[in-house]
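Engineer: Once you've had a glance at the structure underneath, I'll fire off some questions.
The values are calculated or read from the model by the stated rules, or taken from the named source; none is laboratory data. Quantities reported herein were computed from a predicted structural model and do not represent experimental measurements. Because the Cβ atoms are built from the backbone with ideal geometry, glycine has one as well, and the counts that use them run over all protein chains shown.
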Amino acid sequence: MSRLTYIQQKITTVEKAVKLVNSWKMKTDTVVFTNGCFDILHKGHVTYLAKAADLGQRLVVALNTDASVKRQGKGENRPINDELARQMVLASLAFVDLVILFDEETPYEVIKALQPDVLVKGADYDPEISDTADKKYIVGSDIVKQNGGSVQVIDLEAGFSTTAIINRAKN
């Protein structure tokens, strides 16, 4: 199999991901889940994703569609890279096992379908918060905790953000 085909096979639908995740769980692999825009991949993203991958044997990344990024109000010209480009870049990382697009405001339905063992977000979120209206609430944490899984946060790399990169490029 070519390397390009290998990368492309990591990009899948939720329906296909459910089957893969279930087969991994049958082998007792710990499935880790995270999500985000990952618009311009940088050191902060790579460090975060590598640390997330270290929390289990399999890492699933749910990626915001272009439309959902626009709805988040990240900026008029965001995303910089379209969803197909962002999928390919994420899938090319050795420690990412699957990349799934989601168009909803949150990945709640994806988490509900996949039932990951570990849910990961950046440390700007708080796994102890249960109020869904709180900006630090981790969407899907209720599902993961109910199934005996864990919700983890990872410190962000100081000085690395897509917005900061875009602002530097403008100057």
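Engineer: If I filter the range 89-101 for residues that are more than 17 Å from F33 (Cα to Cα) and not hydroxyl-bearing (S, T, Y), do I get at least one hit?
Structural biologist: Yes, there is a match, as at least one residue in the range 89-101 is more than 17 Å from F33 (Cα to Cα) and not hydroxyl-bearing (S, T, Y).
Engineer: May I ask you to say which residue of V144, V99, V151 is closer than 23 Å to V69 by Cβ and β-branched (V, I, T)?
Structural biologist: On inspection, the qualifying residue turns out to be V99.
Engineer: Go through A113, A123 for me and flag whichever is out of contact with any strand residue (DSSP E or B) (no Cβ under 8 Å at 6 or more places or on another chain) and not β-branched (V, I, T). Explain how you work it out, then say what you get.
Structural biologist: Values: A123 fails: out of contact with any strand residue (DSSP E or B) (no Cβ under 8 Å at 6 or more places or on another chain).
Step by step, each of A113, A123 is checked, and only A113 is out of contact with any strand residue (DSSP E or B) (no Cβ under 8 Å at 6 or more places or on another chain) and not β-branched (V, I, T).
Engineer: Name the residue that is surrounded by the fewest Cβ atoms within 10 Å (Cβ to Cβ), counting only residues in the range 63-90 that are closer than 21 Å to K121 by Cβ and charged (D, E, K, R).
Structural biologist: R71
To keep it simple, each residue is scored yes or no on (1) surrounded by 18 or more Cβ atoms within 10 Å (Cβ to Cβ); (2) of a type outside the set (A, V, I, L, M); (3) modelled with pLDDT of 95 or more.
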residue: A123; (1), (2), (3): no, no, no
residue: G149; (1), (2), (3): yes, yes, yes
residue: A158; (1), (2), (3): no, no, no
residue: A164; (1), (2), (3): no, no, no
residue: N167; (1), (2), (3): no, yes, no
residue: K170; (1), (2), (3): no, yes, no
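Engineer: Next question. Please give the number of the condition I138 fails out of (1) crowded, with 20+ Cβ neighbours inside 10 Å; (2) free of Cβ contacts under 8 Å to residues at least 60 places away in the same chain; (3) under 26 Å from I166 (Cα atoms).
Structural biologist: (3)
Engineer: Output the number of residues of the range 43-55 satisfying the condition of being at pLDDT 95 or above, surrounded by fewer than 22 Cβ atoms within 10 Å (Cβ to Cβ) and not acidic (D, E).
Structural biologist: Matching residues across the range 43-55 total 6.
Engineer: Give me the residue from the range 103-114 that is farther than 14 Å from E15 by Cβ and not acidic (D, E) and, out of that set, surrounded by the most Cβ atoms within 10 Å (Cβ to Cβ).
Structural biologist: Going through the range 103-114, the residues farther than 14 Å from E15 by Cβ turn out to be 103-108, 111.
Filter once more, so that each one left must be not acidic (D, E): 106-108, 111.
Details: T106: 16, P107: 25, Y108: 15, I111: 23.
Per the stated criteria, the residue is P107.
Engineer: If only one of V96, V144, V153 is buried (at least 18 other Cβ atoms within 10 Å of the Cβ), under 14 Å from the mean Cα position of the chain (by Cα) and of a type outside the set (D, E, K, R), which one is it? I'd like the intermediate steps shown before the answer.
Structural biologist: Values: V144 fails: under 14 Å from the mean Cα position of the chain (by Cα); V153 fails: buried (at least 18 other Cβ atoms within 10 Å of the Cβ).
After applying the criteria, what remains is V96.
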